[in-house]
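Following: one structure in structure tokens, then a few remarks.
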DNA sequence: CGATAATCGAGACGGTACGTCGAGTCTTCAC
DNA sequence: GTGAAGACTCGACGTACCGTCTCGATTATCG
């Protein structure tokens, strides 16, 4: 969502706050029913009870709108303390999978990622509103595991960042691939097997 | 590409084989220049020197066409014998990354995956022409490692299949995520770190 | 229909005579069902059980085909001897009206006339195969009336031709206009009133 | 042209009045250059500097558009007082012929008449916007002749209507047939001969 | 309190691409 | 060489959305 200058209080009629909410909700509803490619902004506007003009005043196009609509779904991601690193990872994997099981996320997320391969601004927008939140969980999880003594503290910051990136790509990539490409369920059993593989790999890598 | 009834020689003028080739090549060229969302079938037809009707006679829409066009890119995937399991994995990862580095693959692949979340026939088509080929490499790699003695032979077939699926999702997912979402290079260094993680995890998992 | 050179007996398989008949009949059937603008040559070929190639070998296009198909309808026009000039005229008017009442004539005739306003070859073709036959009836009718003594013999040939043309335009024009534009029935009553007007006018003009 | 509900000022952007004018003018220009059958709505839109959708919002198809475009040509028909019934008739005949001499009228008029043989709504539209205007001239001409004393006043209204219809079909039919089918000029000489025939016939009929 | 100004719903606007259909041609094989 | 069959190029069709615009009607702040 684009913030307007300092905002403060400008002259003229202020923008309806309800409109934003209604538009994003309508976008998700349309994604569920129609999917990304058949979603039209005119239809979203109608569903939201809003004129097309109003929608275009706030978002510059379909991609931006869908990123914002999908990003809100990821707000629920958090890192509950389940007592052990393995349990924490499994929990996050299942949370992530639960979001990907929702049709508005499945269709919307991959589509904007596809678009982002040719639009750097869009990629940055996705990174900010979706990817960074996930990455934060990886960092938080590691910190918590270190405080528990499950993982040794970092020595080389660069190496630490590289490892976090790797873990992040592996976790997010594997879950997305399982859910969307292989189209197999990401259930507790799979999460356990995956976590075992990941932690085993981390331990082995760390000892090198 | 749809195979027509076996019908050796049916009546009427046969379809031009050259047209198929030209259309797929034109599709890839258009993907490079325009990306998936701005690619139009009319433009593809023009580039291929073919009428729009000819294109529609062979493919039912943009998605089907792009799947076939992108699938051909994956024909070059193979499993060269590099002497060790680690080297084999690194090789495949780099091959896969090389394909994903091509703009026609980046834009096209994710877009059809996104579409496939709402179209089972499309998903099946993607699975047949793209995914299965990759999965075959996982199986072949494991078999070769076993023949080298790097991995123990399978005991439980179901467990073996489950593991292969997991490895496949991890490898393909991680590479795709690194390349397209994180937008970081998949180079030899990354491949090495990833392979280390994966093999470590496999060893740890196997010993359980 | 285009005649091929001297014909005689050329090499190769001779053209099927049945095809011509079938095609023209199919054309009229299609005119009845679809009208001129929705008639397609592919459909005509299918109805006639003939390949499009065969059709195009004989006619150069829709206009030419329809002219020939409609022209056959006018073959039934003749000048029965009803005993008096007035009765003869009424008879011809009703015969002409009967043809115009058939949907294949209504739709086809006016359409080719419209096309002929921009295509001299087509206009000539219409004149030859349709209009001249009608004009002949005017001339024959006058000759018979003169032989009966109802009309005086011609003195000035140029004047005679001019009068015949005028009568022809008035008769054909009025009947067509009544039937197709005004869309009112051309019945015995109307024919009688029209004939009265025409003969009265002729008598008055002759005495000038 | 379709009138929209009386709705003084409906919400939303009002339709551009200039667009209607431009479209009809472009239609006539295209008729002159291309004729009815080669006229395309896309081309008309381009000539008018208007989008195809704008055109389709106002007219439902080629026929309706051409009727309106041609109808405007007949706006210039009027009944100038030339002092006598014969002169009035000759004047109208020549005016009518002048319109039919214009290529946009020749090609367009007959084509829509042909189409109207299978489309009652179209026929009604033609009647309203073209034919009735001509018929009015017949009625006005008769009234004027009666006020001059050239024709006796009506006694039987039904008979009067029947006669007016007959005259109308004869005049319009003969002129159209002469101009478009016979493709001979409708000049002063022909108009005089035709008028003589018509008035003579009327006189003879009236005395019965 | 009235002027000013940005907002709102509504819907017409110029465009672009769609997917289909028909025209007329060409290519194959059977007769 | 004619025949049916059907693929071919081409171009128009009528529709759907895009993103912009022009309306009249609100709804706020500021003078």
Residue ID - farthest from residue B:101 (Cα to Cα), chosen from residues in the range B:46-63 that are within 8 Å of DNA strand E (Cβ to nearest atom) and within 25 Å of the chain's Cα centre (by Cα): B:56
Criterion violated by residue C:185 - all others in (1) in a helix (DSSP H, G or I); (2) more than 7 Å from chain D (Cβ to nearest Cβ) satisfied: (1)
Does residue A:35 meet the test of being within 16 Å of DNA strand E (Cβ to nearest atom), within 14 Å of chain B (Cβ to nearest Cβ) and surrounded by fewer than 21 Cβ atoms within 10 Å (Cβ to Cβ)? yes
Please enumerate the residues belonging to the range A:41-60 that are out of contact with any helix residue (DSSP H, G or I) (no Cβ under 8 Å at 6 or more places or on another chain) and within 14 Å of another protein chain (Cβ to nearest Cβ). A:53
Within the range C:100-118, which residues are facing chain D (nearest Cβ under 7 Å) and in contact (Cβ under 8 Å) with a residue 24 or more places away in the chain? C:106, C:107, C:110, C:111, C:115
Single unsatisfied condition, residue C:152 versus (1) surrounded by 14 or more Cβ atoms within 10 Å (Cβ to Cβ); (2) touching a residue at least 24 places away in the same chain (Cβ under 8 Å); (3) assigned by TED's automatic domain parsing to the domain that holds residue C:188: (1)
Condition test on residue C:122, is it more than 8 Å from every other protein chain (Cβ to nearest Cβ), surrounded by 14 or more Cβ atoms within 10 Å (Cβ to Cβ) and part of a loop (DSSP other than H, G, I, E, B)? no
So, residue B:89, is that one farther than 21 Å from residue B:116 by Cβ and touching a residue at least 24 places away in the same chain (Cβ under 8 Å) or not? yes
Somewhere in the range C:135-146, is a residue surrounded by fewer than 14 Cβ atoms within 10 Å (Cβ to Cβ), more than 20 Å from the chain's Cα centre (by Cα) and in a helix (DSSP H, G or I)? no
Which of the residues belonging to the range B:18-62 are assigned to a loop (DSSP other than H, G, I, E, B) and within 13 Å of DNA strand F (Cβ to nearest atom)? B:37, B:38, B:40, B:49, B:50, B:51, B:59
Taking only the range D:119-139 into account, find how many residues are more than 11 Å from residue C:183 (Cβ to Cβ) and touching a residue at least 12 places away in the same chain (Cβ under 8 Å). 11
Breaking point among (1) away from DNA strand F (no atom under 14 Å from the Cβ); (2) in a loop (DSSP other than H, G, I, E, B), for residue C:15: (1)
Check off (1) touching a helix residue (DSSP H, G or I) at 6+ places or on another chain (Cβ under 6 Å); (2) free of Cβ contacts under 8 Å to residues at least 24 places away in the same chain; (3) away from DNA strand E (no atom under 16 Å from the Cβ) for residue A:83 and give me the number that stays unchecked. (1)
Sort through C:158, C:191, C:179 and tell me the only one that's over 25 Å from residue D:192 (Cα atoms) and more than 7 Å from chain D (Cβ to nearest Cβ). C:179
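The values are calculated or read from the model by the stated rules, or taken from the named source; none is laboratory data. This one's a predicted model, so the numbers in the text were calculated from it and none came from an experiment. Because the Cβ atoms are built from the backbone with ideal geometry, glycine has one as well, and the counts that use them run over all protein chains shown.
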